[in-house]
Amino acid sequence: MKKSRFLMILMMILPLFSLPLLGRDTIKRFLPSTILICIVVRLMNISAKKRKWWVFYSSVHPKVPGDIPFIIGPFFILSLWILKMTFGKFPLYVVTNTITHFLFAFPGLKFLKRLGIVSLVRLSPIQFVLILELRAFLLYGSQFAIEKMKQNKVSNFIF
């Protein structure tokens with residue numbers, strides 16, 4: 001239990017060290033859609049807990065839900081990185097996310113289950129990948145909508 005708590009703390013903190021490598025403009029550009037998708041993921045996880053889709057066996061603190069370190073650590077940072085590298089190249093975005101999701105759903109979750117952190121209960125890994133893909137499309141769609149709104153503001157300002 002102590003080992004899994006320490007790993008979750010590391011998993012939450014280490015990805016944050018890559019923030020400066022993203023650059024201020026990238027963070028400013030993609031932060032709204034990333035925050036939105038993190039909120040959606042948290043709400044989905046609340047629902048998933050009630051439906052027992054998956055269960056978290058440990059967390060960084062008894063009062064902190066087990067999904068929070070995943071959301072504010074790797075999920076948040078990976079969303080920013082993937083948007084930076086692939087936004088505007090939708091096929092690359094889909095391929096990158098699909099590979100990432102399969103790696104997380106199959107060897108990743110098996111590893112996390114062995115560590116006593118999380119496991120799927122009423123979902124198969126394929127169903128989990130489909131949920132992750134839905135989230136990915138929502139992330140891209142929200143960023144696309146934000147970009148369109150920015151374009152319309154600029155074009156309205158010019159005319």
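Return yes when Leu112 is of a type outside the set (Asp, Glu), assigned to a loop (DSSP other than H, G, I, E, B) and either at pLDDT below 95 or surrounded by 14 or more Cβ atoms within 10 Å (Cβ to Cβ) (or both) and no when it is not. Reasoning before the result, please.
Details: of a type outside the set (Asp, Glu): yes; assigned to a loop (DSSP other than H, G, I, E, B): no; either at pLDDT below 95 or surrounded by 14 or more Cβ atoms within 10 Å (Cβ to Cβ) (or both): yes.
It is false that Leu112 is of a type outside the set (Asp, Glu), assigned to a loop (DSSP other than H, G, I, E, B) and either at pLDDT below 95 or surrounded by 14 or more Cβ atoms within 10 Å (Cβ to Cβ) (or both).
Determine the pairs where a residue that is at positive phi, located within the stretch 11-32, has a partner that is among the charged types (D, E, K, R) and part of a helix (DSSP H, G or I) with Cβ atoms under 9 Å apart, the partner being 6 or more residues away or on another chain.
Partner pairs satisfying both residue conditions: Gly23/Lys84.
Here is a list: Phe56, Phe6, Phe76. Which entry is among the aromatic types (Phe, Trp, Tyr) and either without any contact (Cβ under 8 Å) to a residue 12 or more places away in the chain or out of contact with any Pro (no Cβ under 9 Å at 6 or more places or on another chain) (or both)? Give the derivation first.
Numbers: Phe56 fails: either without any contact (Cβ under 8 Å) to a residue 12 or more places away in the chain or out of contact with any Pro (no Cβ under 9 Å at 6 or more places or on another chain) (or both); Phe76 fails: either without any contact (Cβ under 8 Å) to a residue 12 or more places away in the chain or out of contact with any Pro (no Cβ under 9 Å at 6 or more places or on another chain) (or both).
Every option except Phe6 fails the conditions.
Would you mind finding the one in Ser142, Ser119 that is touching a residue at least 60 places away in the same chain (Cβ under 8 Å), at negative phi and in a strand (DSSP E or B)?
Numbers: Ser142 fails: in a strand (DSSP E or B).
That would be Ser119, the only listed residue that is touching a residue at least 60 places away in the same chain (Cβ under 8 Å), at negative phi and in a strand (DSSP E or B).
The values are calculated or read from the model by the stated rules, or taken from the named source; none is laboratory data. What you see is a predicted model; the values in this text were computed from it and never measured. Positions of Cβ are generated from backbone atoms using ideal geometry, with glycine treated the same way; all protein chains shown enter the neighbour counts.
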